[in-house]
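The values are calculated or read from the model by the stated rules, or taken from the named source; none is laboratory data. This is a predicted model, so every value here is computed, not measured. Neighbour counts are summed over all protein chains in view; Cβ atoms, including those assigned to glycine, are modelled from backbone coordinates with ideal geometry. When the accessible area is computed, the model is the full protein with side chains, heavy atoms only, and any ligands, DNA or RNA have been set aside. Shrake-Rupley method; radii C 1.70, N 1.55, O 1.52, S 1.80 Å.
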Amino acid sequence: MCRCSPGSRARARSNPYVPNEAEIVRRVQESGTIFTLYLRITDPIAHAAYSYNPGQFNMLYLYGIGEVPISIVSDPEHEDLLVHTINRVGRVTRGLEQLREGQRLGIRGPFGRGWPLRAAEGQDVVMVSGGLGCAPVVSVINHMIRRRERFGHFTIVQKVKRVDEFIWPERYERWQKVPDTTVLVAATEGSANWRWQVSGKIKVLDDVLVRSERTIAMLCGPGGFMGSAAEHLIGKGVPAESIYLSTERNMQCAVGHCGHCQFGPTFICKDGPIYPYPSLRSLLGVEGF
């Protein structure tokens, strides 16, 4: 039993190093290696006080194993639970994959800077994700779909290597039916039942129609993919300063102290993960960054 005073417990909750306890309310297996956890912070006061912006991330903590940074894919204004879609790629994510509904884990956050949603209002928006990078953009896509009247033409682009990496076909089908919205999906390797494009590299971006300089682009995926996509969009008329990238690195503290996520002169955990493209343009092609 904790013998600390209510005041010390409140201080602990405000300490960015101390995780809140969260319960898994729902679990969905999206594919062979990808799963989604729907979480509720067990302290009702902490849960009610928790707020975030699309594009931010949490540190999910599994006792005895470690922590991992995971993007928040829920919409802060429309969903009561914190939703995280996770790809099983390492020790911590393998441990998280074993958890089931009713079990608990630790959660710290939110951390980082989110997408520039206010700057996007009144502009055409191009959302580009590559590989399994689609999860971090789901929250911002839902944000814009639910507030469709605030934005101009909305183009959603998803590029995967293999068909089985395309984990949410029903969402893209639904988004395709939204007025003034274009959905483009392509795989490097197709299949018999694949109804979208089959193309290599970023050829799918050839079909993006840039109608005005008042266009903002948001990109997520591997660094090389984002760099190529950004340059392609600049060639089509999107201003470089209107392109934003979501970046990933190994994170430990999430508050800029440990240095694990240093990216050039910045730290992704506090200066990112969303960056304007010009600030990263010279780094993306440098080995080691």
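Mean-square fluctuation check for the chain, GNM, Cα pairs under 10 Å: which of Tyr244, Tyr50, Tyr172 is largest? Among Tyr244, Tyr50, Tyr172, the largest mean-square fluctuation in the Gaussian network model of the chain belongs to Tyr50.
Taking all Cα-Cα distances within region 133-179, those exceeding 14 Å account for 52%. Charge dipole (Cα centre; +1 on Lys/Arg Cβ, -1 on Asp/Glu Cβ; no other charges) of region 94-249 amounts to roughly 400 debye. Counting only aspartates and glutamates at least 8 places from Lys236 when in the same chain, those with an alpha carbon closer than 12 Å to its own are Asp206, Asp207, Glu213.
Residue farthest toward the positive end of the dipole of the chain, with Cβ of Lys/Arg at +1 and Asp/Glu at -1: which of Met144, Ala186, Asn53? Checked the options; the winner is Asn53. Based on C-alpha pairs under 8 angstrom that are at least 6 apart in sequence, the chain has a relative contact order of 16 percent. Each 10 Å bin from zero up to the one holding the largest Cα-Cα distance in the chain carries the following percent of pairs: 6, 28, 35, 23, 7, 1, 0. On the basis of the beta-carbon distance and an R0 of 41 Å, His78 and Gln262 show a calculated FRET efficiency of 0.75.
Reported value for region 196-289: 109 Å³ per residue, from the convex hull of its C-alpha atoms. With N residues in region 118-221, what two-decimal value do you get for its Cα radius of gyration over 2.2 N^0.38 Å? Computed over Cα atoms of region 118-221, the ratio equals 1.03.
In a simple Cβ point-charge model (Lys, Arg +1; Asp, Glu -1; nothing else charged), the chain has a dipole of about 480 debye relative to its Cα centre. Expressed as a whole percent, the accessible surface of the chain that belongs to carbon and sulfur atoms is 50, based on a 1.4 Å probe.
Over the Cα atoms of region 1-158, each weighted equally, I'd like the Debye log10 I(q)/I(0) at q = 0.19 Å⁻¹, rounded to two decimals. Cα-only, vacuum Debye calculation for region 1-158: -1.22.
In this structure region 205-289 gives 46 Å² per residue of accessible area when probed at 1.4 Å with all protein chains present.
Quote the FRET efficiency, to the nearest 0.05, computed for Asn193 versus Arg88 with a Förster distance R0 of 22 Å and r equal to the Cβ-Cβ distance. The pair Asn193/Arg88 has a calculated efficiency of 0.35. Take the Cα of Asp206, go 7 Å toward its beta carbon, and none of the backbone nitrogen atoms of region 145-176 fall under 14 Å from that spot. Remark: C-alpha extents of region 54-109 on the principal axes read 33, 23, 18 Å, sorted largest to smallest. Solvent exposure of region 123-204, expressed per residue, is 41 Å² of accessible area, with all protein chains present and a 1.4 angstrom probe. The helix-only estimate of mean residue ellipticity at 222 nm for the chain, built from DSSP H runs of length n ≥ 4 each weighted as -39500 (n - 2.57), is -6000 deg cm²/dmol after division by the residue total.
Looking at the chain only, what percent of DSSP beta bridges run antiparallel? Nearest 5 please. Write down the numbers at each step before the final one.
Values: 32 of 59 bridges.
Antiparallel: roughly 55 percent of the beta bridges in the chain.
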